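Undergrad: There's a structure below that I have some questions on.
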Amino acid sequence: MIPGAVAALSESSGASGPPPFEGPMVYAAAAGMGLTLGVILGLPQWLQLRAYARRSLRWVGANAVAWAAGMVIIFAGAGSTPANAPVGLVIAVIAAACLCAGLVVGAIHGLILIRILKPATETMSSKSRRKLSENVRCLASMTTARQSVFCSVHTEETSRRGAERVIFRE
């Protein structure tokens with residue numbers, strides 16, 4: 001009875017309900033989602049990175065900016081196909097959007113990671129540099145896979161033994 005009464009009142013008063021969520025609002029929300037996701041993903045990565053570089057907190061901000069750009073690209077791709085498009089076209093467009101988003105996110109990550117680590121590596125011992133290289137490869141694979149829980153690490157030591165060591169990350 002109450003929902004019917006509310007509907008009758010809204011029809012008689014001329015109220016049309018909430019405005020549609022479309023256009024620039026969708027992309028602003030996607031960017032906001034990317035900023036939030038970037039911080040959530042960047043904080044645990046920064047916890048590892050801070051042992052190797054003083055300016056490592058920049059990673060969190062760069063991660064947020066990268067994912068904001070990536071989410072806008074993904075939303076643009078997902079919203080660019082008409083409702084009655086064939087499934088194959090929808091899959092191809094979304095795959096292309098995800099690929100483009102990955103390229104943009106990866107490029108931003110790469111640029112900031114080089115800037116953060118360059119001063120740190122100039123004063124490191126070779127052993128520390130090797131350890132950093134292992135962790136950076138691990139960090140990169142965690143960033144691109146997002147769901148990865150382990151990273152494969154190849155070092156001179158493991159290559160000599162002919163074995164592969166796996167470091168588990170949470």
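Each reported figure results from applying straightforward, stated rules to the coordinates on display, with no laboratory input. Since the model is a prediction, treat every value here as computed from it, not as a measurement. Because the Cβ atoms are built from the backbone with ideal geometry, glycine has one as well, and the counts that use them run over all protein chains shown.
Undergrad: Taking R0 as 30 Å, what's the FRET efficiency between Q48 and C98 from their Cβ-Cβ distance, rounded to 0.05?
TA: Efficiency computed from Cβ-Cβ geometry: 0.70.
Undergrad: Would you please give the FRET efficiency between I114 and A85, computed as 1/(1 + (r/R0)^6) with r the Cβ-Cβ distance and R0 = 41 Å, to the nearest 0.05?
TA: Working: r = 40 Å, r/R0 = 0.97.
For R0 = 41 Å, the calculated efficiency reads 0.55.
Undergrad: Next up: Tell me, L113, L103 in order of fewest to most beta-carbon neighbours within 10 Å?
TA: Working: L113 20, L103 12.
Taking fewest neighbouring Cβ atoms as first place, the list is L103, L113.
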